[in-house]
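Comments concern the structure below.
The values are calculated or read from the model by the stated rules, or taken from the named source; none is laboratory data. Computed from a predicted structure; not experimentally measured. Counting neighbours? That spans all protein chains shown, and the Cβs are built from the backbone with ideal geometry, glycine included. Areas reflect the complete protein model, heavy atoms only, side chains present, ligands, DNA and RNA absent. Shrake-Rupley method; radii C 1.70, N 1.55, O 1.52, S 1.80 Å.
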Number of protein chains: 4
Amino acid sequence: MAGFRSNRSFARTNNDTGFGNNSTIHGDRFVLPDGTFNIRRKGKRPWEWFSLYHTMLNIPAWQFILVVLMFFFSINLLFTLVYLAIGFHEFTGYIPTDTWGRTKELFYFSLETYTTVGYGRVNPTGDLASLVAGVEAMSGFLSFAWATGMLYGRFVRPRANLRFSKTAVIAPFKNITGLMFRFVTLKEKHTLTNVHVKVNLAMKAPDAEGGQYQFYTLVLERSHVDNLPMNFTVVHPIDEQSPLYGMQPADFAAADVELFVLVNAFDDVYSATVQQRTSYVYEELQHGVKFVPMYQESADGSTTILEMDLLDVTR
Amino acid sequence: MAGFRSNRSFARTNNDTGFGNNSTIHGDRFVLPDGTFNIRRKGKRPWEWFSLYHTMLNIPAWQFILVVLMFFFSINLLFTLVYLAIGFHEFTGYIPTDTWGRTKELFYFSLETYTTVGYGRVNPTGDLASLVAGVEAMSGFLSFAWATGMLYGRFVRPRANLRFSKTAVIAPFKNITGLMFRFVTLKEKHTLTNVHVKVNLAMKAPDAEGGQYQFYTLVLERSHVDNLPMNFTVVHPIDEQSPLYGMQPADFAAADVELFVLVNAFDDVYSATVQQRTSYVYEELQHGVKFVPMYQESADGSTTILEMDLLDVTR
Amino acid sequence: MAGFRSNRSFARTNNDTGFGNNSTIHGDRFVLPDGTFNIRRKGKRPWEWFSLYHTMLNIPAWQFILVVLMFFFSINLLFTLVYLAIGFHEFTGYIPTDTWGRTKELFYFSLETYTTVGYGRVNPTGDLASLVAGVEAMSGFLSFAWATGMLYGRFVRPRANLRFSKTAVIAPFKNITGLMFRFVTLKEKHTLTNVHVKVNLAMKAPDAEGGQYQFYTLVLERSHVDNLPMNFTVVHPIDEQSPLYGMQPADFAAADVELFVLVNAFDDVYSATVQQRTSYVYEELQHGVKFVPMYQESADGSTTILEMDLLDVTR
Amino acid sequence: MAGFRSNRSFARTNNDTGFGNNSTIHGDRFVLPDGTFNIRRKGKRPWEWFSLYHTMLNIPAWQFILVVLMFFFSINLLFTLVYLAIGFHEFTGYIPTDTWGRTKELFYFSLETYTTVGYGRVNPTGDLASLVAGVEAMSGFLSFAWATGMLYGRFVRPRANLRFSKTAVIAPFKNITGLMFRFVTLKEKHTLTNVHVKVNLAMKAPDAEGGQYQFYTLVLERSHVDNLPMNFTVVHPIDEQSPLYGMQPADFAAADVELFVLVNAFDDVYSATVQQRTSYVYEELQHGVKFVPMYQESADGSTTILEMDLLDVTR
C-alpha cells in the first residue's frame, strides 16, 4: 500500500469540500448514493429544522398521497367537531333523523364546503354555522393553493433528472488505467446544456493517526460538454499525478475511498441551473471491466438510438 | 476538396460538443431545426424516461387540448363506475327513472363534483357516496393545481422566443466571404439583453476512414450584444483560419456540414437566463446571396420599424 | 464643437450595444425612459409576435381589469349561445316564463358554472347541457389557472423596482466635472445586493456623413456596490479620456447624445437576478447643478432616514 | 487604541459596500441581525414604496392570518352592501323574514359566492344580483390566485434557511487570534452547495473628525466550501494585515465595530442561488472563548450527528 503514497504530493488537494476530515467524529460514507448528505440533526427543538415542504418533496409517492388524504380527513373532522359544537339546529336539509346520521351529514357537509363543491342540500341557516362554513371554504381554498406549490415542487420543479451508472470502473485507458463512471439524462424532451462535472475523492492517509481523511479534486479527461444528448462517460486518468496511482483493489478498501460527484448543467426547459450529486464508495468500484457502448445509429440511419438498459452494463 | 484541408490545423477544434464523432454509430443530423437533439431512447422500462410534463409542454396545441379533455372524461368515467358500484340508492335528486338515465345522471354528478361546481340537484345521501364524492372533489382540485403548472409551463415559462432565418448564407464579407445567419426576438414587449451566440461546426474529414466527424467552434465577427432590440446578424468570416476556408458548395455536402447554434440571453421580463438552439445542415446553406436589411426609420422619424417578413429574404 | 473630438480616440468604444449606428435608418431615441426599446414590429403575421401574456404584464391596471372583465363576459356569452342552441328544455329551475327572461337565466347559469359557484337553482337536466356545463366548468378552472400566472407576472414576479432620477446632471466633481444620475430601491422590504451599473453613450460624430452614431461605454467612478440600502449616485468623471470631454451644452444637442443605463442586481427576496434599464437624452441633462443629499440620521439616532421626495431635487 | 492604527494601511479597504461612511448622517447599526438594512423611507407618497406583497412576506404568522381574515371579511362586507343596495327582492330562498335576518343571509350568500362554494339555498333571481354575484365569484377566484402567490412566497420560495451563531468570538487561532462565527443549514432535506462567505467590517477611524467610517473586506481562512452538510466556522485570522490587529476589547466599542456577513449558495432543492445576511456589532462579540464542536459520529457509526443546540455554545 505504500506504493501509492510517494506521489500524493503531486495531487491537488481540496480542503474546501465542507466535509469533516476526522473519521472518529464522522460516521460512514459522506454522501449517500441519492446525493443527500449522510447526516442527522439532533437537539431539543426538532420543529425548527423540520420542514413540511422539504419532507413532502422527498417522501415516496404512496406516503405523499397518504399524508394528503390524512390531512384532508383530519381537517374535515376538526371542522365537523366545530359544527357539532354549534349544534344541529343551525343547519337544514338533513335526511337522517338520528344523531349519528346527522353527525355524518355534517361531516359530508364539511367535505363539500372544504372542497368548495357546495351541493347545498345540507346548508347552514344559523349565524355561527354560516360564518364557520365561510372560514372553512376559505381555508380549503388556501390549502389547495399550498398543495399546488407542493405538487409543483414534486413534479414540475427544475431537476437534472440524471441517472448515474450504479458502479464506477477502473479500466484500461490509453496506456494507463482510468477511473470511469457514466450518466445519462433520464427523461425524454428534457435538454441539458453546458454540463460541468466535478469529482472529489476522500481517502484515509494510510499512516495517519486516528484515520484523518484527505480530500482531492480529481483531474478529468473532460469535465465539460456543451450539450448532453447522450451518455457522458467521465474519465479520471490514473497517471502519476493521480492520488490513486499505484493502488491495488485492496488498497481502496483500506483507504476507505469515496468519490463525490457533482454535475451542474443548464436546463433548457426550465431555464434554470440544475445540479445532481452522487457518490461511489470502494464497494461500488469494479476493477478491470469496461462499460459497453450505449448508442448506435438507427436502422434507417435517420436518428441515433440510446439504449437505456445498457447504462450499468460492463464487460 | 483537398484545398481546404491544409488550413484545418489552424482552426480551434472543439471536442466538448457532447456529440459522438463516429458517423457509423450516429444517425443523420445531430440537432433538429427546432433545437432538440436527434436521438431516441430504447429499453425495457420506457415509463422511466417518459415524462408526462415534458411531453405536455412539447405537443401541438390541439393535441394538448385533446389530452386534457380525454383525461377529464376518463377520470370522470372512472368515478362514475365507482358511483355505479356503490348503487343508485345512495344518491337523491334524479329526474330520469330508468337505469341508463340515472347512469348518465351519475356521470353528470361526477362532472359537477370534479370541477367543484356542485349544482346539488343530484347529491349523495349515503355514506360511501358522500365520502367518494369528497375524494373526487379533492382530486379534482389537485389535478387542476397540476394543470396550472402545465399551463404555466406551456404559456408563461421563460423562453428566448427567437426566430432564426430559415437558411444561412455564404456571402461576400469585407474582402473575403462570410457565413451568416440572423435571428430576431419574435414577441413584442419581450426584452432580451446580454446576448451571447456560440456556433459549432461538425464536418467529416474528407479522407477519414469510416467518416469521423470533426467539431470546430467558429470564430464570430461579434458573439455578444448588450441588447437585442432588433435583428442580430451573426457572421463567421471565412478567412484562412476558418475550417470552411476554400470549400466549394459541393464540398459542404461531401463533408456533411452541420452548424449548431446556441443563443444565450438574459430575459428581462422573467429575470431568467434563457437559451435557444437551432442547427443548419448543408442543404440549408445558400451560396452567393445576402440578407436584405430588416429595419428602417418610421415615416415620422419617431421610432424604428422592424420588418418581420424580411427575416428570410435574401437577394 | 471641434474641441471635444481630438480626445475621442482615447475612449473605449462599444460596438456591441446591439443598436444600429445609422441615424437615417434609426428613428429618434434608442431606449425609452421606461427602459423599453423604441422599436415597432411590422409584417403580415402580427399574431406571431403578439404575446397576450407580455401585453397583459405591461398594460395599465385599469386596462388590465377591463380586459379581464371583457374576457369573462365574452366567454360566458359564448357559452350562453351554446346553451340557447341546445334549448331551454334541457334545463330546469327557471323562475321567468318568457324567452328573454330564460335567456338571461342561462347567462347567469353560465356565470355560476364558469366560476364553479354552482348555486344549482337553474341546472342542466339534458345530456348535451350537462356535458357542455362540465366543459365550461373545466375551462373556467383552467382559465383561472392561467389568470394566476398572469397575476403572478404582474404583481409578484422578480423586478428591480428601482426609481431613477428624472434627469442626469453635469456638475463639478473633484477638480473636473462629472455626469451624474442616481437611483433608489423604491419598495420597502425589498433588498438588492451585488448591484452593477453599466452606462453606454450614443452620440453622432460631428462630421460624419449621414449622421453615423458612435457608441461608448462610460468609465464610472464606481460601477458596483455590495448592497443597495439607500440611493446610489452614479458618476462618470468627464476627464480627458471621456468622450464628453470639452463638450458644451449646445454640443450635447448637436451630437444627439443618449445615455443607456443598465442596472443589474441580485434580488434577495426572490433569489433572482433582476435588471432595470433607462435612458437619458440630451434634453434630460441639467448643466451646472448638483443633487441634494437624500438621507440623514433619524432624530433618535437609531436608524437612517431616506427622503424619497428628494430623488429628483437638484440645486 | 493607537496600537492598531499603524497597520491599517495593509488592509484591503472596501469602498463599495453601499453604506454611507459618515456617522453624523447614518444612524446606529448598518444591518439588523435578521439581515435587513437599518433604514426607513420618508416622503409624501408612502403608497409608492409600500409593497403589499413584500410586507405580507415579512410579517409574523399571526399577523398574516389576521390580515387574510380581515381582508376576507371586508371584501364580503363590501359585496353585502352592494347586494343590500340592489335589494332583498332580487334574491330568493331566505329563511328569516325580518330585515336584519335577511341582511345576514346576504352576507352569508356573499361568503358562499366569494369562496365559490355556492350552496344555493339563497340565490339571485334578479339581473343585477346575478351579475354582481358573477363578478364576486370571479374576484374571489382571482384573489385566491393572488393568495397562492403569497403563500408560495411565505412558505415555498427559495431561501438559504441558515442559522448564524448569536455571537462572534475572538479566540486563539494557530499562533495568533482569530475572529470566528459559525452557521448551519437549519432545515432537514435542504441542501446547499457551492457556499461563499463575504465579511465586511465597518469601524470608525479613531482620530477621524465627525466619526467617518472605514470599510474593510476581511480576509478569511476559508471563504468557500463545495458542500454544506454540517456547520461552517468562518475564521478571520487577526494577523498583522488585519484591520483588527492589536485592538483590545474596549477598542471595539470605541470604533463602533460592525461586521456584515453575506452568505451566498446554490440551493439544490430549488435550483436557485440564495443569499442570507446578518451582522455582528461589538456588543455581539465575545473575547477569549471558543465554540464547542457541533458534530460527532453516531453510536452505530453509520452516520454523523449534528447537535443543533450547540450552535451558540462557547467555552
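Points to keep in mind about this one:
- The figure for B:GLU48 is an accessible area of roughly 40 square angstrom, using a 1.4 Å probe on the protein chains alone.
- Overall, the anisotropy analysis places region C:239-300 in the oblate class: the square-rooted eigenvalues a ≥ b ≥ c of its C-alpha gyration tensor yield a/c not less than 1.5, with a/b not exceeding b/c.
- Å² of accessible area per residue within the protein assembly as shown, as computed with a 1.4 Å probe and no ligands counted: 41 Å²
- Degrees, to the nearest 10: D:127-151 long Cα axis against longest axis of chain D: 20 degrees
- Between A:THR92 and A:ASP16, the modelled labels are 7.3 nm apart [label points 7 Å from Cα along Cα→Cβ].
- Interface size C-D, as summed buried accessible area [1.4 Å probe, Å², nearest 100]: 5700 Å²
- Lysine pairs within chain C, Cα separation less than 22 Å, 8 or more sequence positions apart or different chains: 6
- Between region B:111-125 and region D:162-177, the C-alpha centres lie 64 angstrom from each other.
- When the alpha carbon gyration tensor of region D:212-315 is reduced to an equivalent ellipsoid, its three semi-axes come out at 30, 20, 12 angstrom, largest first.
- Two-site FRET efficiency, A:GLU48 against B:ALA254, from Cβ-Cβ distance with R₀ of 51 Å, rounded to 0.05: 0.15
- Rounded to 10°, Cα long-axis angle of helix A:61-86 versus longest principal axis of chain A: 20 degrees
- Placing +1 on the Cβ of every Lys and Arg and -1 on the Cβ of every Asp and Glu, with nothing else charged, gives region A:210-315 a dipole about its Cα centre of roughly 140 debye.
- Most mobile of C:VAL269, C:VAL219, C:VAL135 in a GNM of chain C (Cα contacts under 10 Å): C:VAL135
- DSSP bridge analysis restricted to the protein assembly as shown gives an antiparallel fraction near 90%, rounded to the nearest 5.
- Efficiency of FRET between D:THR125 and D:PHE71 - r from beta-carbon atoms, R0 30 angstrom, step 0.05: 0.55
- Most mobile listed residue (A:LEU57, A:LEU259, A:LEU66) in chain A, GNM with C-alpha springs under 10 Å: A:LEU66
- Chain A: C-alpha gyration tensor shape, a/c 1.5 cut-off, then a/b vs b/c: prolate
- The helix-based estimate of mean residue ellipticity at 222 nm for the protein assembly as shown, built from -39,500 (n - 2.57) per DSSP H run of four or more residues and divided by its residue count, is -8500 deg cm²/dmol to the nearest 500.
- Across chain A, the mean sequence separation of Cα contacts (distance under 8 Å, 6 or more residues apart), normalised by length, yields a relative contact order of 22 percent.
- Placing B:LYS174, A:LYS290 in order of accessible area, with the largest value first and a 1.4 Å probe, yields B:LYS174, A:LYS290.
- Probe 1.4 Å - accessible area at C:VAL289, Å² to nearest ten: 30 Å²
- Computed from Cα positions, the angle between helix B:99-114 and the longest principal axis of chain B comes to roughly 60 degrees.
- Taking every protein chain into account, the 1.4 Å probe leaves A:ARG121 with about 50 Å² of accessible area, to the nearest ten.
- Gap separating the Cα centres of region B:248-315 and region B:36-77, nearest whole Å: 31 Å
- Convex hull (Cα only) mean projected area of region D:39-109, reported in nm² to one decimal: 7.7 nm²
- Rolling a 1.4 angstrom probe over region D:186-315 with all protein chains present gives an accessible area of which 45% lies on carbon and sulfur atoms.
- Only the Cβ atoms of Lys and Arg (+1) and of Asp and Glu (-1) were treated as charged; on that basis the dipole of the protein assembly as shown about its Cα centre amounts to roughly 780 debye.
- Multiplying the residue separation of D:THR55 and D:ALA299 by 0.36 nm and removing their Cα-Cα distance gives an extension gain of 83.2 nm.
- The B:ARG222 and C:LYS174 beta-carbon pair, evaluated with R₀ = 60 Å, returns a calculated FRET efficiency of approximately 0.95.
- Relative contact order (percent, whole number), region C:148-292, Cα cutoff 8 Å, 6+ residue spacing: 32 percent
- Shape category assigned to the protein assembly as shown from the gyration tensor of Cα positions, a/c cut at 1.5: rounded
- Residue by residue along C:305-314, Cβ atoms of other protein chains within 10 Å of the local Cβ number 3 on average.
- Taking Lys and Arg as +1 and Asp and Glu as -1, the other residues whose beta-carbon sits under 14 Å from that of D:ASP312 total +3.
- Charged side chains reduced to their Cβ positions (Lys and Arg at +1, Asp and Glu at -1) give region D:267-315 a dipole of some 240 debye around its Cα centre.
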